[in-house]
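Here is the structure we will look at, set down as structure tokens.
The values are calculated or read from the model by the stated rules, or taken from the named source; none is laboratory data. In this text the structure is predicted, and so the values were computed from the model without any measurement. Glycine gets a Cβ as well: all are built from the backbone with ideal geometry, and neighbour counts include every protein chain shown.
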Amino acid sequence: MAEPLLEVKNLKVYFDTPDGVVKACDGVSLSLEPGERLGVVGESGSGKSVTFMTVMGLIDRKAARIEGEVLFRGVNLLELSRDDLRKVRGAEMGMVFQDPMSSLHPFYKVGAQIAEAIQAHEDVNDKDAMSRAVDMLGRVGIPKPDERARQYPHEFSGGMRQRAMIAMALCLNPDLLIADEPTTALDVTVQAQILDLIDRMRDEFQTAVIMITHDLGVVAEHTDRVQVMYAGKVVESGTRDHVYHGSYHPYTWGLLQSISRLDEKQDRLKPIKGAPPSLIFVPPGCSFHPRCPYVMDVCKKEVPELIEEEYGHKSACHLSLEEKKRIFEAQVEVHS
Amino acid sequence: MSVEVSETAQPRAEAKRQPLVKVVGLEKQFPVTRGIIFTKKIGFVHAVDGIDLEIYPGETVGLVGETGCGKSTTARLIMRLMDSTAGQILFDGTDVTNLSRGDMRPFRKDMQMIFQDPYASLNPRKTVGTIIGTPMRIHHTVPKDKVKGEVQELMRLVGLNPEHYNRFPHEFSGGQRQRVGVARALALRPRLIVADEPVSALDVSVQAQVLNLLEDLQEEFHLTYLFIAHDLSVVRHMSDRVAVMYLGKIVEIAEGDTLYKNPKHPYSGALLSAVPIPDPRVKRERIILQGDVPSPINPPSGCRFHPRCPRTREIAKAEGLGTVHPRCRDEEPLLLPQHPGQFAACHFPLDDGALAAK
């Protein structure tokens, strides 16, 4: 097995608030190989964004208590100084956020913003930086890139802005692209364009991609491996096919059963009961137990570990493997 | 578009029934102005540009399309929350297009709306009991001393704890708040409910709860829904018939299964093919549209979809006519019958099975 590009070990991010401690990320571990596509699925408040903001060093260390390790090519990013971190971030990892309007600066021209990112990391003159920015805009499919580079973000449509963000994230040819809900604010037809673009860019630059989303459809079509998060913890992780066609966690089952599907008509949706918990008052034991139809006594007391069930497919659930297989085949697979 | 076409655009079995809502040639233009003191109109946004639609009692009509295609404006026009520029709206056979506020009031009881954002659509300073009871107090449908009991009954019906009558919206989760919105819409026992993106702001695991609730209520109270959403999977699940809008026009309308199996308009096809399927084993042909939706201020000539249409390019190329077929550029297509109950506005409709799995 190749050396992992990114390895996160037991990462914890706690925020102290007047109402109590928000455990946004509570012991997350993962590893990502070069060129791999990882999908991170979870609802709002599951801690998926905070986890990867921390990986990028975007969470203020004074505002949160951060524990654990984030190893990028073996270097722990949590121990780097701000300046050293800056050299890695942007150049070796790029990030694309959900809302392209609020992540581009409204007062600067798009080309200048990309050129600035290049000049922050490489010693190139203004002219060369700008021509690279224009070239990059062209490669992400923006027509007339030299004209577009001289425009402001408000002159771009939503899809165009997201393309510009991707151009900015990839202009230094990073090894890792973190895309946090990159298409949630976009229409489906534009979503298809952007996801197609990310896939093509990944093939062209051999960039590893972490796709953070709540959309199980996006994950099914654009990732290799899937990690499901609930209440600040990873509850299941495995290859895409394992998770979709042999899931071992009741929360994933619930998600798969509750979504409406375009390709077949269901009689009735099977929702997960209740609502996701507040991260201040996470239920004791397994945090999913109040919503779980298969809850046992042990679930209310002991936190299940994320353990490998088979073939690298991990889940954090007290049910026995036989039981999980039986329930999945009987209840979930039939439905999906 | 001619009226005859819309006359035939009815579901087969219900050809004799009177539609609850009938919309003919509905248009809405918003002026685009320039100048601050001396404002002058420099153009119009054609948000809704001639729509014919009929909604029959007890059915759910889904309205889909991209941002800015005019689906929310259509809903607001039908609800008479804004005035149309042209066209006619008939509610249960009565022309309500130009009724005054006062004359409109009796009809308000029969048509209610559920909004997208359960955080913005509930007054944060009122208790949910007050919020749900207000429609009854305004319309005097329930004697004053019985309002509380009636509200609690509604709360139970939508799956809220009636004891939470005195709580404020912030004490509820997103899904529960949307239930409050549903209870308020039901308070007057309306016949039509217009739901504008009712689940888009909710978490995936909670969406299904609200969708199931809407289905149960429809059965119990014989409700008619106009269901607007950009999520095509949700619309398919909920709707009997689905209308696809593009730049202020309905480009295709059909029963759900027909549309999803055999879309006839290339735009419907592209829209459907763009939806990712949550099953890694399903591989489909994907039509990726080029560019963005054009400005509704100066919509393209002929068929509005022609600058982005892969179909016209394909046909024009086969006939050696350049990149756009002249007919698509010059002649506006009419909504014409395709399969039974299906109407599409396209000169060169897609073949059956164009979207079938690879």
Any strands (runs of 3 or more DSSP E) falling wholly within the stretch B:209-299 and containing at least 1 residues that are over 14 Å from the mean Cα position of the chain (by Cα) and more than 8 Å from chain A (Cβ to nearest Cβ)
B:249-255
Output the helices (runs of 4 or more DSSP H) that fall wholly within the stretch B:78-169 and possess 3 or more residues being charged (D, E, K, R) and either loosely packed, with under 15 Cβ neighbours inside 10 Å or at negative phi (or both), or say none.
B:101-108, B:147-157
Quick one: what pairs do we get from the stretch B:65-79, first residue more than 14 Å from chain A (Cβ to nearest Cβ), second surrounded by fewer than 20 Cβ atoms within 10 Å (Cβ to Cβ) and not in a helix (DSSP H, G or I), C-beta under 7 Å, 6+ apart or different chains?
B:Arg76/B:Met82
It is to be established whether one or more residues within the stretch B:180-194 are under 29 Å from A:Arg261 (Cβ atoms) and in contact with a Phe, Trp or Tyr (Cβ under 6 Å, 6 or more places away or on another chain).
yes
Could you tell me whether A:Glu309 is in contact (Cβ under 8 Å) with a residue 60 or more places away in the chain and over 20 Å from A:Pro277 (Cβ atoms)?
yes
What number of residues in the stretch B:189-208 are buried (at least 23 other Cβ atoms within 10 Å of the Cβ) and assigned to a helix (DSSP H, G or I)?
4
Scan the stretch B:201-214 and report the pairs whose first residue is more than 9 Å from A:Ile272 (Cα to Cα) and whose second residue is buried (at least 24 other Cβ atoms within 10 Å of the Cβ) and of a type in the set (S, T, N, Q), with Cβ atoms within less than 7 Å and a gap of 6+ or a chain change.
B:Leu202/B:Gln178; B:Val210/B:Gln178
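Yes/no matrix, rows are residues, columns are (1) buried (at least 20 other Cβ atoms within 10 Å of the Cβ); (2) at pLDDT 90 or above; (3) within 16 Å of A:Leu6 (Cα to Cα):
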| position | (1), (2), (3) |
| --- | --- |
| A:Gly47 | yes, no, no |
| A:Asp60 | no, no, no |
| A:Leu77 | yes, yes, yes |
| A:Phe107 | no, yes, no |
Single residue of the stretch A:144-181 satisfying the filter (of a type in the set (S, T, N, Q) and not in a helix (DSSP H, G or I)) that is farthest from the other protein chains (Cβ to nearest Cβ)
A:Asn173
Heads up, the helices (runs of 4 or more DSSP H) in the stretch A:182-258 (entirely inside) with at least 1 residues that are more than 8 Å from chain B (Cβ to nearest Cβ) and crowded, with 22+ Cβ neighbours inside 10 Å are A:188-205, A:240-245, A:250-258
On the given criteria, is B:Leu334 part of a loop (DSSP other than H, G, I, E, B) and at pLDDT 90 or above?
yes
Taking the options A:Glu67, A:Glu3, name whichever one is out of contact with any Gly (no Cβ under 7 Å at 6 or more places or on another chain), assigned to a loop (DSSP other than H, G, I, E, B) and over 30 Å from A:Ile114 (Cβ atoms).
A:Glu3
For B:Leu186, indicate whether it is farther than 30 Å from B:Ala47 by Cα, surrounded by 16 or more Cβ atoms within 10 Å (Cβ to Cβ) and hydrophobic (A, V, I, L, M, F, W, C).
no
Conditions (1) within 30 Å of B:Ala243 (Cα to Cα); (2) free of Cβ contacts under 8 Å to residues at least 24 places away in the same chain; number of the one not met by B:Gly149
(1)
Would it be correct to say that B:His170 is in contact (Cβ under 8 Å) with a residue 24 or more places away in the chain, more than 14 Å from chain A (Cβ to nearest Cβ) and more than 19 Å from the chain's Cα centre (by Cα)?
no
Test each condition in (1) touching a helix residue (DSSP H, G or I) at 6+ places or on another chain (Cβ under 8 Å); (2) under 21 Å from B:Gly65 (Cβ atoms) for B:Val324 and report the one that comes out false.
(2)
Top-ranked residue in the stretch A:259-302 [being part of a helix (DSSP H, G or I) and free of Cβ contacts under 8 Å to residues at least 12 places away in the same chain; ranked as farthest from the other protein chains (Cβ to nearest Cβ)]:
A:Asp297
Being under 14 Å from the mean Cα position of the chain (by Cα) and farther than 22 Å from A:Glu308 by Cα, is that true of even one residue in the stretch A:25-42?
no
Does any residue of the stretch A:142-163 turn out to be without any contact (Cβ under 8 Å) to a residue 24 or more places away in the chain, within 26 Å of the chain's Cα centre (by Cα) and surrounded by 18 or more Cβ atoms within 10 Å (Cβ to Cβ)?
yes
Does B:Leu336 meet the test of being buried (at least 19 other Cβ atoms within 10 Å of the Cβ) and touching a residue at least 60 places away in the same chain (Cβ under 8 Å)?
no
Collect the residues in the stretch A:303-336 that are part of a loop (DSSP other than H, G, I, E, B) and of a type in the set (D, E, K, R), keeping them in residue-number order.
A:Glu305
Between a residue in the stretch B:276-296 that is within 27 Å of A:Gly246 (Cβ to Cβ) and without any contact (Cβ under 8 Å) to a residue 12 or more places away in the chain and any residue that is assigned to a loop (DSSP other than H, G, I, E, B) and of a type in the set (Asp, Glu), which pairs come within a Cβ distance under 9 Å, given they are 6 or more apart or on different chains?
B:Pro276/A:Asp215; B:Ile277/A:Asp263; B:Pro278/A:Asp215; B:Asp279/A:Asp263
